[in-house]
Amino acid sequence: MSPSPETRLSKLDAVLDGGRSLLIVVQNSPDPDAIGAAAALKELAKTRHDLTCSVAHAGDIGRVENLALIRYLGMKTRPLGEVDPTRYDRLAMVDAQPGAGNVSMDPGIRLDAVIDHHPIRRETRRARFTDIRRRYGATSTILREYLRAADADIPTPLATAMVYGIRSDTQDLGRETTRADIEAFLDLYPLANPRMLGRI
């Protein structure tokens, strides 16, 4: 029997508690799901632990819709090569895992949290907290469960990003979609900005 969202949230809280800063690492060229998941974790870390958060990636953000999504969120991302992970109290990775070919980060660096929906990698098991659900269609779906367990208010820009991330990774809920993905989409869509979704 898998842990409840409340149990998972409690374990994540225990890892983030006491920190002052959090570095969230995403894949080199973050896609909409990575962007939405990073924004969701940032919201949780900020509202529940008052952590100062940075989002970093190694590659370029080339696709127009991804740039539009980041602009809409007001998310400032940093080049991973210009960041010193040791200067952060907490390190997390979302929608990616250490040692994967799409993440240019030293897999030897121990992460505090890894949340992803791809098959688990050996290096990931070294993290203090892991939530890997390979049957899920999107990492944003997982983060939505955390937000709901925390009874958090989900701002419109964040809901919009997560909806777009779920739609993108599941090809409009048609590929590798679980009931959880559909529930997350139906829950978040009324909170999203339909006009912005159309523009992105």
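Remarks
- Filter pass, Leu111 being part of a helix (DSSP H, G or I) and out of contact with any Ser or Thr (no Cβ under 6 Å at 6 or more places or on another chain): no
- Any chance Thr160 is touching a His at 6+ places or on another chain (Cβ under 7 Å), crowded, with 16+ Cβ neighbours inside 10 Å and within 20 Å of Arg63 (Cβ to Cβ): no
- Residue check, Thr77 open to solvent by 10 Å² or more (accessible area, probe 1.4 Å), touching a residue at least 24 places away in the same chain (Cβ under 8 Å) and within 16 Å of the chain's Cα centre (by Cα): yes
- Counting the residues of the range 21-51 that are out of contact with any Phe, Trp or Tyr (no Cβ under 9 Å at 6 or more places or on another chain) and of a type outside the set (Gly, Ala, Ser) gives 15.
- Cβ separations smaller than 7 Å between residues 6+ apart or across chains give the following pairs from the range 107-118 residues that are on the phi < 0 side of the Ramachandran plot to residues that are assigned to a loop (DSSP other than H, G, I, E, B) and open to solvent by 20 Å² or more (accessible area, probe 1.4 Å): Pro107/Gly99; Asp112/Arg128; Ala113/Arg128; His117/Arg133; His117/Arg134; His117/Tyr136; His118/Arg134.
- Top-ranked residue in the range 1-27 [being open to solvent by less than 30 Å² (accessible area, probe 1.4 Å) and of a type in the set (S, T, N, Q); ranked as modelled with the lowest pLDDT]: Gln27
The values are calculated or read from the model by the stated rules, or taken from the named source; none is laboratory data. Quick caveat: nothing in here was measured; it's all calculated off a predicted structure. In this analysis, Cβ positions are derived from the backbone assuming ideal geometry, glycine residues included, and neighbour counts consider all displayed protein chains. Accessible surface areas use protein heavy atoms only, side chains included; no ligands, DNA or RNA. Shrake-Rupley method; radii C 1.70, N 1.55, O 1.52, S 1.80 Å.
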